[in-house]
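The values are calculated or read from the model by the stated rules, or taken from the named source; none is laboratory data. From a predicted model like this one, the values you see are computed outputs, not experimental measurements. With ideal geometry, Cβ positions are generated from the backbone for all residues, glycine too; neighbour counts draw on all protein chains shown.
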Amino acid sequence: MSTDISRDAGTAPVTPPSPAARSRRTPAKAAGAVLVLLICASLPLWAFPDDYSVGILMQIAIYAGYGLSWHLLAGYTGQYAFGHAAFFGAGAYVMAIFSYHTGLSPWLGLGLAAIGAAVVGLLVGLIALRVSGLFFGLITFGTALMLGVAANQLVGLTGGAAGLSLPLHLGDAGMMQFDTQVPLYEITLVIVAGYLLLTWALLRSRLGLLFRSVRDDPVAADASGVNIRGVRLGALCLSAAMAGLIGAIYAQSLLFIDPESAFGLTQSVNAIFTAIIGGMGSLFGPVLGAAVFVLLREVGMTISDGDGVYSVLFYSTVVFVFIMVAPKGLVGIGRRLFGLVRRDAGKRE
Amino acid sequence: MNLLLETLLNGLLIGGVYGIFSVGFALQFGTLRIINFTHGDFVMLAMFLGFFAVSQYGWNPFAVIPVAMVLFGLVGAVFFTTVFNRLKEEPHEIQLIATITLSAIITAGTQGLFGQDARSLDTITEIFQLGGVHLGVWKVIGLGISLLLAGGLWLLLTRSGIGRDIRASVDDAVAARLQGINTRRAYLVAFSLGALLAGAAGATLITFYPVTPSVGANLLVLAFAAVLVGGAGSLPGAFLGGLILAVVQQVTATYQSPALQNAYVFLLFLFILVVKPAGLFGRLARVD
Amino acid sequence: MRVPRTAMKAMLAVATTAAVALTAACGGRSDSADASGDSDIPIALVYPTSGVWKTQGENSLRGAQLAINDINAAGGVLGGRKLVAKVADAGNDPQTAASAARQLLQRDKVAGLLGAYLSSYTLTVSTVAERAGVADVTQSFSDELVTRGYKNTFKTTPTAKAFSTSVFDYLVGMYEAAGKKPPSAAILASDDASGQQQYAAAVEAAPKANFDVVLKVQYPANITDTNALVNRIAAAKPEILLLNGPDLAEIQIVKAIRARGIDVPVVGLGGAGVTTQAFVDSLGAGVDGVLATVPFNGDITPRAADVAKRYNAQHSGTFMPAESGTAYVGAWLIAKAIDKAGSADAKKVADALRTLNISDGPAELYPGGAVRFNATGLNESAYPLMIQYQGGKPVTVWPEKDAKAKPKL
């Protein structure tokens, strides 16, 4: 048997529409996207002003950004990171260590977090991209494990298992702390909007074409002179930086980070969950997936009377049934419905 | 000197069982090309079965093993027909999330039923002395059982028609189908065999290793690493991979720190990947 | 036709779920109790009642609920108003703990909060409480809880550091009293939050107390195969074993070394696993002789003995765990502060806690017999007790002034 398990990894889940069709719908889509984002941004003002609900919105925004970062890598270059928390956690820890030990503004830490995570991505890539497929997945998984052990053992730097608890500066915007959670939520939304824009622009650029060519037919891409390793490495670093930035926001929103919430298995699975529930290969899939994921988790907590175990049981079962019924995710369902409408309309014309 | 000997022997003794469930994982992955994230949970469930059968109903631990094999083989067949056979045709990300959620369901369900507490049998502390070296009685028995199972599996795969079909499918599914091999039947048998081995491994493991509902994730990672260290696609490689990882774990725990066990497993994995990307026995142990 | 119908169904299911979620998230506020007015006064109990720390979380919850029952039976607070518990599960990670606390504080205008047992959960829960201006009365050990400059965190138990240093002072005293010199020691601690702090402090304190440390190891809190640890203990031949960790790990380790014929005294560092019912049940008669330092023991005063007796009757245990005792005291402290403030308003209750100074009532359950918080929120008068299992029950054996029996070494 051949050990090249990459050959059948990452087949295109959704065939993109033809370029002409895409460009025709672009202005309407962009307007829709901006509208949706504005509505999301204003939610705390009219719909959910209370602290708890803003906390939920905050979680959705964080997981949307996190899911987008995983999806950029998996959905467009076919590299499945099982241990995406390696990058998320690296960003969270860079941020926390920086602001804890220097006392400087976390605004600076944000940039460092993205860079730090990108460096982790680079190191992983240099080893992992010699191979692909499962090996890549397992190497990211192992990296998350190793970083978790490091965060646990380097007590002087990371606080060990107890984690780092960041000092409170309530209402000090310079220290990225506010009287309510709303400003941080809006900041996170801006980041998510940035990720959407970035992904969208990337897909329309030559680089996006390279991404897909590497995913769909590495052999042909190689033959036509594409630097496959370079493209994969670039995508990995970008995705890692995105995850790292969101990880830093996560740490700042909690003012706390510990090895388990940064690098734990659950955190890695969360990225996969959000991206796949939404539907692979679609721009907004991870955002939708994040909303469904966080809400399911909260519903689970509510109906199970606050028992975390039954909450996991609940949302895992819902997702599993959903996956077996609708493997293309929420966006896939939407596409099928609208696709059907459009076809019917076509017939009538 | 005794400490070193004890450490190495213990690694080998535990490694036999690691090897068995790693082979089960390799069988399923080799044929279906699906990473079965529930494999570790199957082992965990078999451990619970063994625990309750022995501690509550007074069964002999030996008697549990064949029962677990039959039971989990059947459960495997049911899982294959209802879930995995369908997943085979789906894209990778769907396979991934389906088996991950299934694993989460099994783990959380078990936690809900039995709680998070670790349970262990009294056999865990039975030890004997041999020339100043202390060894667990049931660890020695466990290695014996593992070798027997590995031998039986080898016979099945090399001497029977279905075994040859499975090996052909592991080698190259398309070619096997072209040669008129009933790949669906081969898949079904291979998947059930994998589950059966998980059952056997779990029922054996519980005699010297405590069980918690979340132990499955640890075991899955070990099986995964064992397969890639040994060489993807090589069943003997997976068995040897399991042995090696267990020895690495024991040596690390004794001479470094138990907290670094899995970190060293991963370092070994990285090292082998850089030196020999096909895995240690990727070529050497090719079954043909 | 099949495809769109299933798709529609799935979409409907998701929409329903989302709707339920939003209703659940927003609802339940209007009809809840309020701290102003004449109704019952809610206090928040945030403990891990699922996951790895379930047992300890539930013990804490039981202790707090027993206290609330006692308080209400004794006439309640503010001249007859009753306390009512609002419970949230801190779950399995710090984020869930924070979210659960936030949801609870949002929904119920509580007078104060108790929780969240595990230090890393308390660190995030106390941040939520700090932001909301609600007092978190906590039994967690982590030193960091009182070094962050929070105004609303009140730590009733001694620090992790105090636990680790006092263990050696106490042992020196106990060995001197028995006419023996300090033994050679092995220090084993789990690598979770409290374990690491106990470990660091113990490794530093041991040489100062003239203990010869022949082995020091940190092991993962979820360890399953203790074989390597036991081999190392056997090779190092310590005369005493200082052990920290969750009960499951400690049960495995103690059983395995006993099976190996290693019969040295075992001392639980910072209480932890050796002070759980599971440890006692698993070891049976083998538990006798095991020592541990704890912040509370049910035999220290007649009042503590009375509380412990009723606790055991309710929960059919053989002793009242330390976390139940400290949670019991915590709930009483909030009640005392409500009465002192003359109001159930959370901010006023927190103010009252800052200047609280009592030496009767709940304070009688603690060694030192007094509770008052310093500027960092630490209850300075608390100190650890050394207990030893004798006849299957934990008995206070040191310091000498609190001892109820002589230690057997």
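For the subset of segment C:108-127 comprising residues that are facing another protein chain (nearest Cβ under 7 Å) and touching a Ser or Thr at 6+ places or on another chain (Cβ under 6 Å), which member is surrounded by the most Cβ atoms within 10 Å (Cβ to Cβ)?
Checked segment C:108-127; the qualifying residue surrounded by the most Cβ atoms within 10 Å (Cβ to Cβ) is C:123.
Could you check residue A:65 against (1) at pLDDT below 95; (2) farther than 20 Å from residue A:260 by Cβ and say which number it fails?
Failing condition for residue A:65: (1).
Give B:188, B:197, B:205 a once-over and let me know the one that is surrounded by fewer than 22 Cβ atoms within 10 Å (Cβ to Cβ) and out of contact with any Lys or Arg (no Cβ under 7 Å at 6 or more places or on another chain).
B:188
Give the residues of segment A:273-292 that are surrounded by fewer than 24 Cβ atoms within 10 Å (Cβ to Cβ) and part of a helix (DSSP H, G or I), sorted by residue number.
A:288
Residue check, residue C:174 against (1) aliphatic (A, V, I, L, M); (2) out of contact with any helix residue (DSSP H, G or I) (no Cβ under 7 Å at 6 or more places or on another chain); (3) within 14 Å of chain A (Cβ to nearest Cβ), all met but one. Which one?
Here residue C:174 clears every test but (3).
For residue C:196, work out the one condition from (1) touching a residue at least 24 places away in the same chain (Cβ under 8 Å); (2) part of a helix (DSSP H, G or I) it doesn't fulfil.
(1)
Being among the hydrophobic types (A, V, I, L, M, F, W, C) and free of Cβ contacts under 8 Å to residues at least 12 places away in the same chain is the filter here, so list the residues in segment B:157-178 that pass it.
B:174, B:175, B:176, B:178
Please work out if residue B:209 is at the interface with another protein chain (Cβ under 7 Å from one of its Cβ atoms) and among the hydroxyl-bearing types (Ser, Thr, Tyr).
Answer is yes for this residue.
Taking the condition within 13 Å of chain A (Cβ to nearest Cβ), out of contact with any Ser or Thr (no Cβ under 7 Å at 6 or more places or on another chain) and β-branched (Val, Ile, Thr), does residue B:174 pass?
yes
Out of all the residues in segment A:210-225, is one or more in contact with a strand residue (DSSP E or B) (Cβ under 8 Å, 6 or more places away or on another chain) and touching a residue at least 40 places away in the same chain (Cβ under 8 Å)?
No - not one qualifying residue is present in segment A:210-225.
Just one of the numbered conditions (1) at pLDDT 90 or above; (2) part of a helix (DSSP H, G or I); (3) hydroxyl-bearing (Ser, Thr, Tyr) is not true of residue C:117; which one?
It fails just one condition, (2).
Of the conditions (1) in a helix (DSSP H, G or I); (2) under 26 Å from residue A:211 (Cα atoms), residue A:94 fails just one. Which one is it?
So residue A:94 meets the others, but not (2).
So, in segment B:116-147, exactly how many residues are within 8 Å of chain C (Cβ to nearest Cβ) and not in a helix (DSSP H, G or I)?
Residues that pass the stated criteria total 8.
Please work out if residue B:201 is modelled with pLDDT of 90 or more and either away from chain A (no Cβ under 14 Å) or closer than 24 Å to residue B:55 by Cβ (or both).
Spelling it out, residue B:201 is indeed modelled with pLDDT of 90 or more and either away from chain A (no Cβ under 14 Å) or closer than 24 Å to residue B:55 by Cβ (or both).
Taking only segment C:244-262 into account, find how many residues are free of Cβ contacts under 8 Å to residues at least 60 places away in the same chain and within 22 Å of residue B:7 (Cα to Cα).
Summing the residues that are free of Cβ contacts under 8 Å to residues at least 60 places away in the same chain and within 22 Å of residue B:7 (Cα to Cα) in segment C:244-262 gives 13.
Out of segment A:150-179, which residues are farther than 30 Å from residue C:219 by Cα and exposed (fewer than 14 other Cβ atoms within 10 Å of the Cβ)?
A:170, A:171, A:172, A:173, A:174, A:179 - these are the residues of segment A:150-179 that are farther than 30 Å from residue C:219 by Cα and exposed (fewer than 14 other Cβ atoms within 10 Å of the Cβ).
Tally time: how many residues in segment A:293-309 are part of a helix (DSSP H, G or I) and in contact with a strand residue (DSSP E or B) (Cβ under 7 Å, 6 or more places away or on another chain)?
1
Answer yes if at least one residue in segment C:236-244 is buried (at least 24 other Cβ atoms within 10 Å of the Cβ) and within 25 Å of residue C:46 (Cα to Cα), and no otherwise.
Yes; the residues of segment C:236-244 include at least one that is buried (at least 24 other Cβ atoms within 10 Å of the Cβ) and within 25 Å of residue C:46 (Cα to Cα).
Regarding segment A:176-199, can at least one residue be identified that is away from every other protein chain (no Cβ under 14 Å) and in contact with a Ser or Thr (Cβ under 6 Å, 6 or more places away or on another chain)?
no
Can we say residue C:151 is within 28 Å of residue C:94 (Cα to Cα), touching a helix residue (DSSP H, G or I) at 6+ places or on another chain (Cβ under 8 Å) and surrounded by fewer than 20 Cβ atoms within 10 Å (Cβ to Cβ)?
yes
Go through segment C:290-409 and tell me which helices (runs of 4 or more DSSP H), entirely inside it, have 2 or more residues that are crowded, with 24+ Cβ neighbours inside 10 Å and in contact with a strand residue (DSSP E or B) (Cβ under 6 Å, 6 or more places away or on another chain).
Qualifying helices (runs of 4 or more DSSP H): C:322-341.
(1) modelled with pLDDT of 90 or more; (2) within 14 Å of another protein chain (Cβ to nearest Cβ): which one isn't true of residue B:111, the others all being true?
Against the list (1) modelled with pLDDT of 90 or more; (2) within 14 Å of another protein chain (Cβ to nearest Cβ), residue B:111 comes up short only on (1).
Look at residue C:263 and say whether it is in a loop (DSSP other than H, G, I, E, B), closer than 25 Å to residue C:403 by Cα, outside the structural domain of residue C:59 (by TED's automatic domain parsing) and of a type outside the set (Ser, Thr, Tyr).
Yes.
Just to be sure before I move on: is residue A:338 facing chain C (nearest Cβ under 8 Å), part of a helix (DSSP H, G or I) and either surrounded by fewer than 18 Cβ atoms within 10 Å (Cβ to Cβ) or modelled with pLDDT of 70 or more (or both) in the structure I sent?
When the stated conditions are applied, residue A:338 does not pass them.
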